[in-house]
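First the structure, in the form of structure tokens, and then the observations on it.
Here, each number is a calculation from the coordinates, and none is a lab measurement. Worth saying up front: this structure is predicted, and the values here are computed from it rather than measured. Note that each Cβ is placed from the backbone with ideal geometry, even for glycine, and that neighbours are counted across all protein chains shown.
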Amino acid sequence: MVESIFPSFFVIGAQKSGTTTLHQWLKNEPKICLPNHKETHFFSKNEHYAKGISWYIEQFPDSSQKEIVGEIDPDYLFFPHVPSRIRTYYKSPKFICILRHPLKRAYSHYLMTVQRCSEQLSFPEALDAEAKRSNPEDSFFMNHHSYLSRGMYYSQINRFQRIFPESRFLYIKFDDLFHPSTCEATYFRICNFIGFQPIKSRFDLTKRYNRASQVRSPFLSRLVHSQNAAKTVASLFIRSEHFKFRIAYLVDSLNKRPYHSIPDRWQGEIPPSIKDVIHSEVTKTAELTNLDLSDWLQEEM
């Protein structure tokens, strides 16, 4: 019974690799049903998983009217308990992984954490401090300071492959999804893998979402992204989770301004030890996924 309305595909990551943009593109496809909110975090957050499968199914209100049901949640690739939880309810969904150069992904993650007023260190300092901060039981570390950890794709993908030996996996390079010469063909590959033919040029594939940004007010950013007394009091009066999400999203959007890039001086400050780890990780990931990542290995960071 659950399988008939359960997602047939998951875009499981990686974080800061274009999953928000892909979500917006797929939302425009009439055959696709996605959750009300992009990321339910049902399989990654204990407090959501405790609500039960019925709560999860409720996040897909249009599932009976659509041909294909799916979810996009980049936390799913990173959190170790996710594959076994999905396996509890479904045997062989399709999985899509969008992978970005680990250091570029880490830097985008770092900018988001700075924007949320949760990081005071420079990027090289934050990378150096990650090992000391690391704690899989600490949700703050897992969400905010896991810059390099989330780019260790080999072990994360291998975990899914072991638990879902009968599933099909599609691996996409971030570079291919967003380069003007390859984005349409790459998007069509994703749609064909999911199981439908998109209408060519029906909407703008050059539009990007969730780009790097800066905050106008650090106070408002902390109000939205941290647990505080104001949010606790507001929750007493606003019972609807959907309405609370919309308010937080609106405040967060209005509080952002474009991030004006400057030359990334940090690139010459990455310790050789970290570069060696990244090189080894990229090599193993290429072998596991059969992706051509030679351009990643040739990049100087």
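Quick notes on this structure:
- Shown for ILE172, ILE199: other C-beta atoms within 10 Å of each C-beta, ranked fewest to most, produce the order ILE199, ILE172.
- Label-point separation in nm, LYS91 to GLU287, each point 7 Å along Cα→Cβ: 3.2
- Going from the fewest other Cβ atoms within 10 Å to the most, the residues LYS91, LYS284 appear in the order LYS91, LYS284.
- With the simple model of a label 7 Å out from the Cα in the direction of the Cβ, SER273 to SER54 spans 5.2 nm.
- Put in order of Cβ neighbour count within 10 Å, fewest first, the listed residues VAL277, VAL11 become VAL277, VAL11.
- Here each label is just a point 7 Å from Cα along the line to Cβ, and for PHE169 and ASP204 those points are 3.6 nm apart.
- Net lengthening on full extension, SER294/HIS37 (0.36 nm per residue, minus Cα-Cα): 89.0 nm
- Listed residue (ILE86, PHE123, TYR107) projecting farthest to the positive dipole end of the range 79-129, Cβ model: ILE86
- Loop-located chymotrypsin sites (Phe, Trp or Tyr not before Pro) in the range 1-109, at most 11 other Cβ atoms within 10 Å (DSSP): none
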